[in-house]
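Undergrad: Provided herewith is a single structure, encoded as structure tokens, for subsequent inquiry.
The values are calculated or read from the model by the stated rules, or taken from the named source; none is laboratory data. Every value quoted in this text rests on a predicted model; they were computed, and no experiment measured them. Counting neighbours? That spans all protein chains shown, and the Cβs are built from the backbone with ideal geometry, glycine included.
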Amino acid sequence: MAGKKRKPMAEINVVPYIDVMLVLLVIFMVTAPLLMQGVKVDLPQAPSAPVDKKDEEPIIVSVKTDGTYYINLGDKQEDAKPLKDIANTVSKVLRQKPETTVLVWGDTKVPYGVVVSLMTELQNAGAPSVGLVTDPPR
């Protein structure tokens, strides 16, 4: 038996690949909910058609119940900003990329006048049209 040679093993060990795949799956599951940017607001429900998806990321301006404004651009997206600063930022972005979509996330309990004044400021900043984001009815 001392002279018997062993045949080389030609199998691929797939256990490390499965481990890597499971780690990637967990990472994607954790990061997927974070991809939706903007401040958390209670959106109104409306049976509206979805907007066509573009390659460009839209500018999202959020209005909370207390009337504070937030924008999804810059390094401090969770900090409230004055309306004039938001209008200036939107104006600068639209000068560089005029086809950028501008969307408003208004909380259900925000007074109508606050949303209208925000939309007016955004249109004065150069947005040709401002979209209102709603939740589909449940």
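Yes or no, residue by residue, for (1) at pLDDT 75 or above; (2) among the charged types (D, E, K, R); (3) in a loop (DSSP other than H, G, I, E, B); (4) in contact with a helix residue (DSSP H, G or I) (Cβ under 7 Å, 6 or more places away or on another chain):
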site: MET1; (1), (2), (3), (4): no, no, yes, no
site: MET9; (1), (2), (3), (4): no, no, yes, no
site: VAL20; (1), (2), (3), (4): yes, no, no, no
site: VAL23; (1), (2), (3), (4): yes, no, no, no
site: ALA32; (1), (2), (3), (4): yes, no, no, no
site: LEU43; (1), (2), (3), (4): no, no, yes, no
site: PRO47; (1), (2), (3), (4): no, no, yes, no
site: ASP55; (1), (2), (3), (4): no, yes, yes, no
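Undergrad: Would you confirm, using the coordinates I've provided, whether LYS97 is under 20 Å from the mean Cα position of the chain (by Cα), exposed (fewer than 14 other Cβ atoms within 10 Å of the Cβ) and touching a residue at least 12 places away in the same chain (Cβ under 8 Å)?
TA: Answer is yes for this residue.
Undergrad: Give the residue, chosen from VAL110, VAL102, VAL130, VAL116, that is buried (at least 19 other Cβ atoms within 10 Å of the Cβ) and without any contact (Cβ under 8 Å) to a residue 40 or more places away in the chain.
TA: Among VAL110, VAL102, VAL130, VAL116, only VAL130 is buried (at least 19 other Cβ atoms within 10 Å of the Cβ) and without any contact (Cβ under 8 Å) to a residue 40 or more places away in the chain.
Undergrad: Is it true that some residue in the stretch 73-88 is under 19 Å from the mean Cα position of the chain (by Cα), under 12 Å from ILE59 (Cα atoms) and modelled with pLDDT of 85 or more?
TA: yes
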